[in-house]
Amino acid sequence: MRLGIASVLLVLGALRLAADPAFLVKDGAPQAQIVIAEQPPRMTTLAAHELRDYLHRISGAELPIVTQPAAGTVAMYVGRSAFTDQLGIADTDLDAGAYRMVSGDGWLALLGHDSDFTPPQPYKTTYSDDARVLQEWDALTGEKWLFPHTLLFKKYSRKMGLWDYDERGSLNAVYGYLRSLGVRWYMQGELGEIVPKQTTIPLPQVDQTVRPDFSVRDFGPYAPVWIGDPEESILWHLRMGFDPGRPEWGLSASRWLGHGICLVHGRDETKRDHPEYFALYDGKRFTGDKYSEYGKPCLSSPELFAANLRFIRAFFRIYPDEPMICVMPADAYVRICECPLCQGKDDLERGSQGHLSDYVWDYVNRVAQEIRKTNPDKTILCCAYGSYLLPPKKIATLSPNLAVTICQHRGAFGDPATEKLYLDIRQGWLDRLTSGDLYIYEYYLYSRPERAYEGLPVFFPHAIARDLQRLRGVSKGEMVEQSRAQGTGMHAPAFNHLNAYVTARLYWDANLDVDALLAEYYHSFYGPAADAMKAFVDFSEQHWSEMLANPEPITEDLALLATAQKAAGDTVYGQRIALLADYLVPMAQLRDRLQKGREDVPSCRALLGNPATFKLDGVLDEPFWERASTYGLRELETGRAPYFPTQFSLVWAKDALYVGIRCQDLAGKPLNIATTRNEDPAIWDGDTVELLIETQTHAYYQIAVNPSGAWIDADRAKGLDSLWSSGAEVAAHVAEDHWTVELRLPVGSGVVGRKPSETYPWFVNVCRQRARATGSELSAFSPTSQPGFHDPARFARLISPPN
């Protein structure tokens with residue numbers, strides 16, 4: 001509903017004249033009125049509505065909303081007004097959504113700083129408004145740059161007449177007061193609420209100022225939207241106390257919180273007129289394709305650097321109230337430009353999380369230093385992300401106007417090694433950060449459809465609590481990217497709400513006792529099933545990371561959930577658990593697949609060989625391979641014969657696996673060789689073959705090789721550990737109409753396991769990517785029926801006969 005002052009003023013006749021000054025509601029009858037300013041901000045009006053409606057739901061009493069308090073009644077002042085000014089209650093020091101709850105003789109004030117957001121001009125109003133706003137933007141800049149606030153309009157709810165950027169301290173005060181009465185909002189919608197019943201509500205004796213521990217508390221999908229979300233979703237967001245942190249981040253969170261360099265080079269006109277802005281790959285400037293809309297920048301380009309400075313200075317001239325701008329390369333930036341200026345600027349020894357750190361952060365830091373000369377009060381932001389997650393080695397201290405946002409996955413902090421890795425990364429950034437402006441970009445995307453953990457109970461409240469307690473006083477806040485369902489707000493709220501709720505409460509007080517918070521949650525939300533649901537969530541938190549490969553924890557967890565359902569019965573508590581059970585249906589299906597095992601996958605054999613007859617030259621013409629069986633690859637998704645055939649053979653000799661691969665190609669045509677250097681992630685931009693290996697004790701390893709003989713290896717057990725070394729020896733050979741690879745993989749040091757046997761096999765897949773500008777052909781020995789190679793459930797069975 002659209003909120004206006006005319007719609008909220010109620011008739012005073014509903015209020016008893018003989019009110020009791022010690023009560024707000026007594027025996028179900030109103031003793032107070034809600035007082036707001038004559039022309040309140042939008043969020044103040046909403047706050048008055050929310051207070052009135054919930055007091056009615058709690059007590060049955062209808063408190064009127066007025067602009068002039070009646071004599072002899074208790075006044076509940078919501079937001080700043082002439083009356084709060086007379087009482088000396090100010091909102092001037094209440095930043096970041098902070099609020100005051102103060103009471104006196106016959107009054108209660110719930111107050112924070114409120115203001116109506118007005119979008120700065122130029123402003124895009126709809127999806128179809130691109131042409132007009134670009135024309136205006138181009139006239140102001142004299143350049144062909146992307147418009148920075150292209151999705152700002154999506155932060156507005158036409159249904160409610162509210163902006164996410166409206167300041168709302170008084171609304172937070174109302175929600176704080178309602179929480180003190182026992183109201184809880186765990187999940188969006190009435191089913192997710194707890195509203196206690198009491199017919200008498202005393203006037204509290206209170207003098208409290210509440211400040212959040214984190215100024216930025218943004219939570220939602222990438223480029224969060226309100227425009228299409230239902231009212232219940234937006235209200236839940238507000239009741240959680242989330243806030244996009246405009247004073248810190250400005251309007252960046254509406255779209256360009258990351259990858260801001262794209263604003264400079266992303267327009268088609270720029271791609272045409274300034275190829276020197278773009279990275280040189282395989283002799284061509286990469287201006288974009290269907291996977292990378294804006295192209296990838298050359299960060300050694302003096303022309304791009306100068307354009308970036310012009311863009312930033314123009315941005316702050318046009319939008320003088322904006323505090324910050326993002327300077328960060330395009331997404332999936334894993335390959336360094338191959339132009340002479342970029343040679344030697346990466347460091348492959350730092351692995352997939354750091355090989356571009358010095359290259360990227362040198363550019364960002366130089367931009368910040370130059371902008372500081374002309375705009376000393378403005379901040380440059382870049383995310384520590386992907387290939388530049390690790391802090392740079394060659395920069396001891398960053399420019400004082402540079403802010404860093406670390407991208408992380410605290411859901412994985414249940415693993416001590418992963419948690420320590422991210423804490424070490426964080427400390428490395430703090431050691432270099434002179435501005436003190438540290439932020440976090442977090443991912444709560446486990447329920448995202450068609451991803452690995454969809455349908456699994458990925459709860460991590462204790463990891464959330466540990467991390468936010470450590471970040472208190474260190475980080476200014478964070479953006480949590482949350483799975484979203486079109487038109488309904490949060491995706492899978494029956495599952496996602498718990499991690500979100502714990503995060504929201506600890507944003508305001510990171511030192512809360514998380515176990516006490518959870519105990520209240522289980523009791524309030526699940527009633528008679530509280531103990532059983534605690535057992536279910538505790539077990540899930542400890543074991544969810546095992547469930548993709550092991551059916552046993554799934555079986556035990558589903559039994560715990562069934563116990564909870566039985567305890568809840570046919571009640572509102574049972575309805576809540578039923579919603580969660582519906583979300584977890586794929587969990588039982590996964591268990592059944594795991595219990596069935598890899599019954600329908602192909603098998604291959606590594607026959608015994610004599611290492612003395614092996615010559616590592618990539619040619620596959622020595623006697624060593626004569627007795628080995630030959631296996632063919634099939635198209636990855638359909639299982640049909642690929643257009644470009646690939647065969648491989650396996651041999652076991654003296655504690656090592658030998659792999660020979662032959663890839664057919666077009667006679668006389670060049671191959672796509674993306675790199676000639678080992679451990680370079682750019683290898684995946686070209687032609688490769690891959691060996692994926694699960695031994696008896698480890699799942700799983702990855703080795704990729706290209707036609708030049710360049711290779712990269714990684715341990716995939718906990719993501720992508722490219723610093724792991726397989727100890728493999730590799731050679732490749734290119735012929736007229738094919739290319740071949742020979743690989744020797746020793747077992748015992750890098751690869752942990754023992755010789756595969758009938759009783760104790762390995763599971764493997766041999767895969768090929770043939771990549772061209774017009775598209776790629778993907779093939780595998782064991783097709784996955786999906787676009788990617790990485791499906792361990794489809795790995796083929798590998799055995800070797802006894803010695």
- Item | Over the stretch 706-803 - Rg/Rh using Cα atoms and the Kirkwood inverse-distance radius | 0.97
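Only bridges whose two residues both fall in the chain count here: according to DSSP, what percent of them are antiparallel, nearest 5?
Numbers: 81 of 120 bridges.
Taking every DSSP beta bridge with both residues in the chain, the antiparallel ones total about 70 percent.
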- Query: Kirkwood hydrodynamic radius of the stretch 522-599 from all distinct Cα pairs, in Å?
  - Reply: 12.8 Å
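With a Förster radius of 51 Å, plug the Cβ-Cβ distance of E777 and Q427 into 1/(1 + (r/R0)^6) and report the FRET value to the nearest 0.05. Numbers along the way, then the final one.
On the way: r = 45 Å, r/R0 = 0.87.
For E777 and Q427, the calculated efficiency is 0.70.
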- Query: Cα gyration tensor of the stretch 519-655, axes a ≥ b ≥ c as square roots of the eigenvalues: rounded (a/c below 1.5), prolate (a/b > b/c) or oblate?
  - Reply: prolate
- Task: Using the Karplus curve 6.51 cos²θ - 1.76 cosθ + 1.60 with θ = phi - 60°, work out ³J(HN,Hα) for each residue of the stretch 191-205 in order, rounded to whole Hz, and write x for Gly and Pro.
- Result: 5, x, 9, 10, 10, x, 10, 7, 7, 10, 10, x, 6, x, 9
- Item | Spacing of the two label points (7 Å from each Cα toward its C-beta) at E626 and T676, in nm | 3.6 nm
- Ranked packing of 135-141, 572-578, most packed first, by mean Cβ within 10 Å: 572-578, 135-141
- Provide, for q = 0.14 Å⁻¹, the log10 of I(q)/I(0) from a solvent-free Debye sum over equal Cα point scatterers in the stretch 118-208. -0.72
- Message: Looking only at Cβ-Cβ distances, which cysteines of the chain have no other cysteine closer than 4.7 Å?
- Response: C262, C326, C339, C382, C383, C407, C604, C663, C767
- What are the ³J(HN,Hα) values, in whole Hz, obtained from phi via the Karplus relation 6.51 cos²θ - 1.76 cosθ + 1.60 with θ = phi - 60°, for each residue of the stretch 302-309 in sequence order, with x given for Gly and Pro? x, 5, 5, 4, 5, 5, 4, 5
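Above 20 angstrom, tally the Cα pairs of the stretch 385-459 and express them as a % of all pairs, no decimals. List each step's numbers first, then the result.
Working: 1114 of 2775 pairs.
That fraction is 40 percent.
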- Task: Calculate the length of the line joining the C-alpha centroid of the stretch 669-726 to that of the stretch 447-488, in whole Å.
- Result: 30 Å
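Using a 1.4 Å probe on the protein heavy atoms, what percent of the accessible area of the stretch 108-165 belongs to carbon and sulfur?
Numbers: 1270 of 2300 Å².
Here it works out to 55 percent.
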- Within the accessible area of the stretch 374-461 (1.4 Å probe), percent carbon and sulfur: 54 percent
- Which residues' amide hydrogens lie under 5 Å from the amide hydrogen of V480, considering only partners 5 or more residues apart or on another chain, with H built in the peptide plane? D218, F219, G220, E442
- Using only Cα atoms, locate the centre of the stretch 336-364 and the centre of the stretch 202-240, then give the distance between them in Å, rounded to an integer. 40 Å
- Query: What 222 nm value per residue comes from the helices of the chain, counting each DSSP H run with n ≥ 4 as -39,500 (n - 2.57) and dividing by all residues, nearest 500 deg cm²/dmol?
  - Reply: -8500 deg cm²/dmol
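If the limit is 26 Å between Cα atoms, which of K155/K378; K378/K476; K154/K420 go over it? Write down the numbers at each step before the final one.
On the way: K155/K378 24 Å; K378/K476 16 Å; K154/K420 38 Å.
Over 26 Å Cα-Cα: K154/K420.
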- Message: For the ranges 313-325, 423-435, what's the packing order if you count other beta-carbon atoms within 10 Å of each residue, average per peptide, and put the highest first?
- Response: 313-325, 423-435
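Give the shape of the stretch 50-96 as rounded, prolate or oblate, defined through the alpha-carbon gyration tensor: a ≥ b ≥ c are the square roots of its eigenvalues, a/c under 1.5 means rounded, and otherwise the shape is prolate if a/b is larger than b/c and oblate if not. Present the calculation step by step, with values, prior to reporting the outcome.
On the way: a/c = 3.18, a/b = 1.48, b/c = 2.16.
In terms of gyration-tensor shape, oblate.
If you average 1/r over all unlike Cα pairs in the chain and invert the result, what Kirkwood radius do you get in angstrom?
On the way: mean 1/r = 0.0338 Å⁻¹.
Kirkwood radius, the chain: 29.6 Å.
What's the ranking of 215-221, 547-553 by average number of surrounding C-beta atoms within 10 Å, highest first?
Numbers: 215-221: 22.6, 547-553: 16.1.
Ranking the peptides 215-221, 547-553 by packing returns 215-221, 547-553.
Could you tell me whether the stretch 282-322 comes out rounded, prolate or oblate from its Cα gyration tensor? Rule is a ≥ b ≥ c as square roots of the eigenvalues, rounded for a/c under 1.5, then prolate if a/b exceeds b/c, otherwise oblate.
On the way: a/c = 4.90, a/b = 1.91, b/c = 2.57.
Oblate, because a/c is 1.5 or more while a/b does not exceed b/c.
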- Note on the structure: For the stretch 664-721, the Cα gyration tensor yields equivalent-ellipsoid semi-axes (√(5λ), largest first, whole Å) of 26, 13, 7
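Could you provide, to the nearest whole Å², the per residue accessible area of the chain with probe 1.4 Å? Kindly include the intermediate steps, with their values, before the conclusion.
Working: 31680 Å² over 803 residues.
Per-residue value: 39 Å².
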- Message: Suppose we look only past 21 Å in the calculated P(r) of the stretch 390-513. What percent of the Cα-Cα pairs does that tail hold?
- Response: 44 percent
- Task: Starting from the Kirkwood radius over alpha-carbon pairs of the stretch 183-318, derive D by Stokes-Einstein at 37 °C in a medium of 0.692 mPa s and give it in µm² s⁻¹.
- Result: 169 µm²/s
- Which of the GluC sites (Glu not before Pro) found in the stretch 500-601 are in a DSSP loop and have at most 11 neighbouring Cβ atoms, other than their own, within 10 Å? E599
- Calculated Rg and Dmax of the stretch 643-693 using C-alpha coordinates, Å: 13.6, 38
- Message: Debye calculation, C-alpha points only, no solvent: report log10 I(q)/I(0) for the stretch 41-159 at q = 0.10, 0.21, 0.22, 0.23 Å⁻¹, in the same order as the q values.
- Response: -0.51, -1.16, -1.24, -1.31
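The values are calculated or read from the model by the stated rules, or taken from the named source; none is laboratory data. This structure is a prediction, so every number in the text was calculated from the model and none was measured. Reconstructed Cβ throughout: ideal geometry from the backbone, glycine too, with neighbour counts over all protein chains shown. Please note that ligands, DNA and RNA were not included when accessible areas were found on the heavy atoms of the full protein model with its side chains. Shrake-Rupley method; radii C 1.70, N 1.55, O 1.52, S 1.80 Å.
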